[in-house]
Every structure is written in C-alpha cells, then in structure tokens.
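Working notes for the structure below.
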Amino acid sequence: ETGVTQSPTHLIKTRGQQVTLRCSSQSGHNTVSWYQQALGQGPQFIFQYYREEENGRGNFPPRFSGLQFPNYSSELNVNALELDDSALYLCASSLVGLATSTDTQYFGPGTRLTVL
Amino acid sequence: GESVGLHLPTLSVQEGDNSIINCAYSNSASDYFIWYKQESGKGPQFIIDIRSNMDKRQGQRVTVLLNKTVKHLSLQIAATQPGDSAVYFCAESSGFQKLVFGTGTRLLVSP
C-alpha cells in the first residue's frame, strides 16, 4: 500500500467538457507528478508540482493544468476534452528537496477517464 | 478490471523458473532507473531502483542489472510465482524527476 489516493476511480465525460481529477500524496511527501497512460502504453509525464508550483512539464497542451495545495494534495484539470484524452490518469508522489530526498515516485491507483 | 498492455511483448514462464525482463533506454544522460510492476486495474508498483553509479542491485527475489555502455537494463525475478504475473515497466530519469517509461513487458506465469 503506497498511501497515494486518487478520486474518482472512473469518470465519463463528453467531448468539450472540463474535468478535475484529485490526488492525495503519501504521508511525508511534498511532490506530486501526473502521468497519462493510454491503453497498451507506458505512462507519459504531464507535469510535476513542488511547493505549490509547476516544476516541469511534458509535451501536453495548456488545456492540461494543475494545482498543488499546502497539504501537498493536487488536482489535474483538463479543459475542452477530446476523444484522445481517454486514458488512465496517474499521480505519483515523492519526497524532494531534503537531505533524505529520494527520486522514487509512488503511484496511486489512477482515474480512468472516458471521453465520449 | 481494465486491461493494461493489450499488444505488449510477452514473456511466458513456468512457476519456479527465473524470469529476465529486458529494457533498452535512450538517454545517455539518464542517471536513475526504476522498475515498476502494474497489475490490471492498478497503478504502477515500485519494485526496485538503481543509480548510474552502480551496475547491480538486489532486492527480495529481484535483481536489476545496468549496462551503461549499451544502455540496457534488466530485471531478474528468481523463483517466479503466479502472483508475479503483470506488466513490467522500466523507467529512466535524468536528474529532474520526470520519469520516461518504456513500452512494458507482460509476464505470464503458469502454475
């Protein structure tokens, strides 16, 4: 059990709508990364949040945005949903920036988004 | 549950055999490597990691080998069990915490 939780588990939206996905990081972790996993592929990095600021971004358009809160939980927002946005969205938490920091990212169970 | 990796390379082994899963990485600047296990309907689960200043690292029943010369990574699972059946991903990182994942290998363990 990693301690990373995500909600909701499943979500169905229609093209053009907006969606917000939520992630609670593992206790003691201060960094959250978001990944998109299409069926049959490995996860693709979307962005990372550290100290409530975006700390790196992958090759995703601006309609993918996020937030990190003071308790280190995070949200992923996707505007103007497209059919290709259908995927499993994973968040991973890690501890960065301290003497005992580790790069290890621990993943949550994911949110399965279906866009119709 | 959902199906992960419908058309992935597949390794089929018998229970009790040793399994070796291979991964080629592309970025010579990568200095941190991780193996994850992903079961159907679940997120990736950390197995073992290795940094570029090491060639080998062992865990419980698992060993990771790193060959930087040919940019190759392997995961060895000793005495493979049916519960090891899953999709296995290698991931690389180059200082920044962004992980770049490989395409994955499906491991099927027969009793």
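Rule-based calculations on the coordinates, nothing more; no lab input. Model, not experiment: these values are computed from the prediction. Positions of Cβ are generated from backbone atoms using ideal geometry, with glycine treated the same way; all protein chains shown enter the neighbour counts.
Going by neighbour counts of Cβ atoms within 10 Å, the residues B:LEU108, B:LEU73, B:LEU11 line up, fewest first, as B:LEU108, B:LEU11, B:LEU73. Taking label points 7 Å from Cα along the Cα-to-Cβ direction, B:GLN14 and B:LEU108 give a separation of 1.7 nm. Listed by chain and number, the lysines whose alpha-carbon sits under 24 Å from that of B:LYS68, ignoring those within fewer than 8 places in the same chain, are B:LYS37, B:LYS56, B:LYS98. The Cα atoms of chain B define a convex hull whose projected area, averaged across directions, is 6.8 nm². Working from label points 7 Å from Cα in the Cα-to-Cβ sense, the B:ARG57 to A:ASN79 distance is 4.0 nm.
With the simple model of a label 7 Å out from the Cα in the direction of the Cβ, A:ASN59 to A:THR14 spans 3.2 nm.
Would you list A:ARG63, A:ARG57 from fewest to most Cβ contacts within 10 Å? Please list the in-between numbers first.
Details: A:ARG63 13, A:ARG57 16.
Fewest-to-most Cβ neighbours within 10 Å comes out as A:ARG63, A:ARG57.
Straight Cα distances below 22 angstrom link A:LYS13 to the lysines B:LYS42, with same-chain residues fewer than 8 positions distant left out.
Only the Cβ atoms of Lys and Arg (+1) and of Asp and Glu (-1) were treated as charged; on that basis the dipole of chain A about its Cα centre amounts to roughly 220 debye.
Pair-distance distribution of the protein assembly as shown: all C-alpha pairs, bin width 5 Å, starting at 0; shares per bin in whole percent are 1, 7, 15, 18, 19, 17, 12, 7, 3, 1, 0.
On the beta carbon distance between A:ARG51 and B:ALA29, with R0 = 30 Å, the FRET formula returns roughly 0.75. Sorted ascending by nearby beta carbons within 10 Å, beginning with the fewest, A:TYR72, B:TYR25 become B:TYR25, A:TYR72.
The dipole here belongs to segment B:51-111: it is taken about the Cα centre, uses +1 on the Cβ of Lys and Arg and -1 on the Cβ of Asp and Glu, and is about 160 debye.
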